[in-house]
Amino acid sequence: MANYIVGLDIGSKNIKALVAETRGQSKLKLIKVIKLPSGGVRKGTIDDMAEATYAVNSALGEIKKIAKDAIKNIYLAVGNSDISMQPSTGSVAVSRADNEISQEDISRAVEASRAISLPMNRMILHAITREFVVDRVSDISEPLGMMGNKLEVNSTIIDAFAPAIKNLTKCVEISGGGVSGLILGNLASARAVLNKNQKELGVVLLDIGFGKTGLSIYQENKLLHTAIFPIGSGNITNDLAIGLKTSIATADTIKYTFGSAIAKDVDRRDSVDLQKVDAKSRGNISRRFIAEIIEARLAEIFEFVNNELKRFGKNAQFPSGIVIVGGGAKLPSLIELAKQELRLPAQVGIPDLSSVEIMNAEVGLQLEDPEFASALGLLIWGSNNSGKIRMSDESVRGILKKVLGYFIP
């Protein structure tokens, strides 16, 4: 019997979902790519539960056409701007008499690093291992089988505003879906597009979505920093709609079809006949004016990035440069502006499909799109960590309640 895994990215504009089959093969067999309009989501947070649930239900309905139980194993992207990151350490004594470190010791050390004090309205999303320390010998990546008396782990804890995460999972559960794991969206994108060499040398991953922009910094193959800014390509669309006095849909079409991230590269004499884009619109608009609106908002996004890099103190130490994904990565001349504003090498991040088996050429073409980076990363993350993602305390209590219900009338 086939088993399925779903990567679900619920964005402010679109819902992206990838469905793969895991029938014991070494690679995930990708069988379905879904992209549908979203609703009820603003800057990564649910702001209309009914509208969001309707949109998610439509996406899960498409997945159920493959198999009814496919929606029971969903890895869900989360990414509201209210996330925080902090270091943590866990320490345990090696349990075996011969002092050989076992997998149980490693698990106990990692679990100990999660034992941090958080406000009631916060929840841990990730406890990412940075290094292990065995009897004060640091920078160990895999201690299994080593000899020692004391095992420590230095972790990076990423936590988020719990009500926002619970609202997102509730939309999926109301529609009959089962959430197997919660993964920060920009970390999922990094999993899909960055290679080990880039992470080792130093790289910045920028995920420009419609409602928000995610930033992740890697060096020496470790996540050093992550942040989410409440601004995205949707702000450009809104600016264009106001400046051109058009609808949001028309402004979005103009943005990608006639826009440019660098205004000076556009001839002042070039213009756009709005009626060719929208029959209800009238007039000719200068393409230079369109580009000026786009460049101004993108410069603001890059200013957020620059300030974050300067605050972090790593603004000049990224030989692998900046890799940009998300729907915003498809804006014309974006890479040139990124190089200019951030003074770093820059490129569009195309999802690496080497870890999945593509069933047909059409699916492969759909995935050669920076907008699907997060959804593919969710699949890869989920398949590599299946069964390892820690369930929330609330889920554990729910399971215990069900178990006890069998024995206590």
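The values are calculated or read from the model by the stated rules, or taken from the named source; none is laboratory data. Remember, it's a predicted structure, so these values are computed and weren't measured experimentally. With ideal geometry, Cβ positions are generated from the backbone for all residues, glycine too; neighbour counts draw on all protein chains shown. What goes into the accessible areas is simple: the full protein's heavy atoms, side chains included, and nothing from ligands, DNA or RNA. Shrake-Rupley method; radii C 1.70, N 1.55, O 1.52, S 1.80 Å.
A few comments on the model shown:
- Residue match in segment 210-218 (condition: surrounded by 21 or more Cβ atoms within 10 Å (Cβ to Cβ), of a type in the set (Gly, Ala, Ser) and out of contact with any Gly (no Cβ under 8 Å at 6 or more places or on another chain)): yes
- Residue satisfying all of: in segment 264-294; aliphatic (A, V, I, L, M) and either more than 36 Å from the chain's Cα centre (by Cα) or not in a helix (DSSP H, G or I) (or both); surrounded by the fewest Cβ atoms within 10 Å (Cβ to Cβ) among these: ALA279
- Answer from VAL92, VAL110 - the residue that is touching a residue at least 12 places away in the same chain (Cβ under 8 Å) and touching a Ser or Thr at 6+ places or on another chain (Cβ under 9 Å): VAL110
- Selection within segment 37-63 - closer than 14 Å to GLY7 by Cα and either surrounded by fewer than 20 Cβ atoms within 10 Å (Cβ to Cβ) or out of contact with any strand residue (DSSP E or B) (no Cβ under 7 Å at 6 or more places or on another chain) (or both): LEU60, GLU62
- A single entry from ALA227, ALA261 fulfils the requirement of being in a strand (DSSP E or B) and crowded, with 16+ Cβ neighbours inside 10 Å: ALA227.
- Looking across segment 85-103, the residues that are in contact with a strand residue (DSSP E or B) (Cβ under 9 Å, 6 or more places away or on another chain) and of a type in the set (S, T, N, Q) come down to GLN86, SER88, THR89, SER91, ASN99.
- Number of residues in segment 119-131 that are touching a strand residue (DSSP E or B) at 6+ places or on another chain (Cβ under 6 Å) and either modelled with pLDDT of 95 or more or assigned to a loop (DSSP other than H, G, I, E, B) (or both) equals 0.
- All told, LYS27 meets the bar of being in contact with a Ser or Thr (Cβ under 9 Å, 6 or more places away or on another chain), in contact (Cβ under 8 Å) with a residue 40 or more places away in the chain, more than 21 Å from ILE236 (Cα to Cα) and open to solvent by 40 Å² or more (accessible area, probe 1.4 Å).
- Looking only at segment 307-343, and only at residues there that are at negative phi, assigned to a loop (DSSP other than H, G, I, E, B) and open to solvent by 80 Å² or more (accessible area, probe 1.4 Å), the one that is modelled with the lowest pLDDT: ALA316
- Every condition in (1) within 25 Å of the chain's Cα centre (by Cα); (2) part of a loop (DSSP other than H, G, I, E, B) holds for ASN154 except the one numbered (2).
- Some residue of segment 158-165 being in a helix (DSSP H, G or I) and in contact (Cβ under 8 Å) with a residue 60 or more places away in the chain: yes
- Residues satisfying the criterion are present in segment 198-220 (criterion: touching a residue at least 60 places away in the same chain (Cβ under 8 Å) and more than 26 Å from SER81 (Cβ to Cβ)).
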